[in-house]
Amino acid sequence: MASISMQHIVKKYGDGFAAVNDVNLEVADGEFMILVGPSGCGKSTLLRMIVGLEDITSGDMIIGDKRVNDDAPRDRNLAMVFQNYALYPHLTVFENIAFPLRLRKDMSDDEIRAKVEEAAETLELTEHLDRRPSNLSGGQRQRVAMGRAIVRDAQVFLFDEPLSNLDAKLRGQMRTEILRIQRRLGVTTVYVTHDQTEAMTLGDRVALMRRGELQQVGTPRELYEHPLNMFVAGFIGSPPMNFVPAQCVDGELRLPFTSFELPTEMREVVGDREYVMVGLRPERFEDHGLMEASKADTGQVFEAHIDVVEWLGNEQYAYVPYEADPALMASLADLAKDLDSEHQRSQLVVALDPASAISDSSSAKIWFDPHRMHIFDAATGDNLTRELANAH
Amino acid sequence: MDGNKTSNWWTFWGVLILAWAAFPLLWMFSLAFKSPDTFREGTPSFFPKEWTWSNFSSVFSDELFTSALRNSFGIAVLATLLSVIVAMFAAYAIARLDFRGKKLLLSMALAIGMFPQAALVGPLFNMWRGLGIYDTWIGLIIPYLTFALPLSIWTMSAFFRQIPWEMEQAAQVDGATPWQAFRKVIVPLAAPGVFTTAILTFFFCWNEFLLATSLTSTDRARTVPAALSFFTGSSQFQSPVTAIMAASVVVTIPVVILVLLFQRRIVAGLTSGAVKG
């Protein structure tokens, strides 16, 4: 077991493209670190540099207390689970798991057998040991790949999008499984994913990347409640945060669908900016009709035309279109591209209590608390309200 | 009904093509069992009236044939072995590494494959005599290697390419040296490709005639296809045709056995990778 320290890690390709640019990241001993970001953000490249499958252009990669930049993968003693599992199809499950042990040549057959059986026990693979990978289901293959990782006492576990080939239900199960095993073994783990749900549920800490650069590193709660910028705010959370262009005039904040007096502490951080981006999480909205009067008074209510309602059982999403200045929407389109999402139409997504009787193509009163909105600089995307206690 | 009609049509063509392809073989087989004295008699028949083994015994008692059989086996096996080993490494490098002149190498290999062998016979004959390897095993193995390698490299690199690179990377992360990863993971996975290539190369060397007649002059290195053309039969008053046919049957047997043994492998080898399995 070991900590990982990445200092000024850069990966530049021959054509000058920097896949990973000046990344500084510390992974503590025993920590579960998630690397997350949209596709092409360099998270997999960074992982492959940790394991040694990708050369490091510059910077220091320190595992334990040893600089491993020039070590071959086999000298780093790390275990990795690949996206397509990379099981050896010509070997049985037993031999697949035993493969790393056989290479070491310092273990007797009995020791290897004991180790493999122990790992198989942990992963509930015991009755499949004599089968070949091609006869296994996706979840079982996934567990074999993990077996190959845990059977050797590796310093660090690395996962490269291990669940992306599984169907949704199995993905949930395996996610818990991975977490359980990591907690039990207490091994330092770096886990790459593009799925924000996996990032939020698994990680002790999450490192969010964009275009080869780290955006923010912190606990899932920090990233959700105190995002550094619009990118982080838009990536973390599902459905994603609504970004609404707003105008600030004399302490009044004008949104396309409502206007209200800015709370004092927010007025300070906004300063003399005229245009800002307001971030509103869908789950912060409520149906005014269902609220107690005492609570309703603390927030802002506006009349909305509901376009479509999606009822999911545990909650429902209402879509509220609005008109906005096209010039302001342009910067949102850029962001949407970075977030791998479709270009956002100018609409609010509002998560409501499933009991709410709001229906398609109707009018409704929607409530939200201005104290819990985020305000971003329209040009840089920086979160202006990050330091404010209430803003989450 | 319509489907039945088309399938009947296909069966008809299939039988026709089969007859077309099998007739010479059957004819050869039948001649091999006819008596050398009577096969040209006035009332010919397709199958021999009297089956006789005499052609085979006369062929096997002929030093010309038995030594040729030895030569054929030795040369074909050695050339196949060498070619497969060299092609395996070359193909692996071509599939996995990015190096200068890779395209050139591949197109050269293809060009060699297209080069007419007949144009090389004269120069080779002179060179081989100068080098003192005329009429030796090595004198045949070298040109066989040259002509077999391009095809082997092309087929095998296609096989290596379809093995996911992650396999090897996984092996390396598991603690394997590049050589161990190659030997324990890549080679077993490429085995069908290696088999296919080996068999095709063996057939090529086994059947080759032009170089075998031109670069040999005695029993030392003459292979069966070349030796057959020097056959005289057991006496000069007899036509050698039936004996030649018996010898042909004998040399066809290893090919047939190989195909029967490995036919599933060959088919799997030639078609795998066509669709993602």
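A short reminder: the numbers here are calculations on the coordinates, not readings from a lab. Source: prediction; values computed, not measured. Glycine gets a Cβ as well: all are built from the backbone with ideal geometry, and neighbour counts include every protein chain shown.
Projecting the Cα atoms of A:LEU185, A:ALA379, A:GLY237 onto the charge dipole of chain A, computed from C-beta unit charges around the Cα centre, puts A:LEU185 farthest toward the positive end.
For segment B:171-189 versus segment A:1-59, the inter-centroid distance based on Cα atoms is 25 Å. Neighbours of B:SER157, meaning other residues whose beta-carbon lies under 14 angstrom from its beta-carbon, give a summed charge of +3 when Lys and Arg score +1 and Asp and Glu score -1.
Summary of the geometry: segment B:134-165 and segment A:102-136, compared by the centres of their Cα atoms, lie 39 Å apart. The base-10 log of I(q)/I(0) for the protein assembly as shown, evaluated at q = 0.05, 0.07, 0.09 Å⁻¹, reads -0.44, -0.71, -0.93 [Debye formula, identical scatterers on Cα atoms, solvent excluded]. In this model, which of A:LYS169/A:LYS295; A:LYS11/A:LYS105; A:LYS66/A:LYS105; A:LYS11/A:LYS169; A:LYS66/A:LYS115; A:LYS43/A:LYS169 are farther than 30 Å apart at the alpha-carbon? Over 30 Å apart, Cα to Cα: A:LYS169/A:LYS295; A:LYS11/A:LYS105; A:LYS11/A:LYS169.
Counting only DSSP beta bridges with both residues in chain A, the antiparallel share comes to about 75 percent.
Summing charges over neighbours of B:THR223, with a neighbour being any other residue whose Cβ is under 14 Å away from its Cβ, gives 0 when K and R count +1 and D and E count -1.
Sorted fewest first by neighbouring Cβ atoms within 10 angstrom, B:ARG161, A:ARG221, A:ARG76, B:ARG100 come out as B:ARG100, A:ARG221, B:ARG161, A:ARG76.
Straight-line cross-link reach from B:LYS102 at under 25 Å between alpha-carbon atoms covers these lysines, not counting any fewer than eight positions away in the same chain: A:LYS12.
The charge dipole of chain A, taken about its Cα centre with unit charges on the Cβ of Lys, Arg, Asp and Glu (plus for the first two, minus for the last two), comes to roughly 1420 debye.
A cut-off under 13 angstrom between Cβ atoms defines the neighbours of A:GLU261, and their net charge, with Lys, Arg +1 and Asp, Glu -1, is -1. Amide hydrogen proximity for A:ASP369: with H placed 1.01 Å from N in the peptide plane, the residues at 5 or more positions away or on another chain lying under 5 Å are A:GLN300. Ordering A:VAL190, A:VAL249 by the number of other Cβ atoms within 10 Å of each residue's own Cβ, fewest first, gives A:VAL249, A:VAL190. Per-residue packing, averaged as other Cβ atoms within 10 Å, sorts the ranges A:14-26, B:215-227 into the order B:215-227, A:14-26, beginning with the highest.
Contact order for chain B, expressed relative to its length and based on alpha carbon pairs under 8 Å spaced 6+ residues apart, stands at 31 percent. Taking the Cα centre of segment B:63-230 as origin, work out the dipole magnitude from +1 charges on Lys and Arg Cβ and -1 charges on Asp and Glu Cβ, in debye rounded to 20. Dipole magnitude for segment B:63-230 comes out near 240 debye.
Could you tell me which residue out of B:LEU258, B:LEU210, B:LEU149 lies farthest along the dipole of the protein assembly as shown toward its positive end? Charges go on the beta carbon: Lys and Arg +1, Asp and Glu -1, centred on the Cα centre. It is B:LEU210. For the protein assembly as shown, the Cβ-based charge dipole about the Cα centre amounts to some 4020 debye (Lys, Arg positive; Asp, Glu negative; other atoms uncharged).
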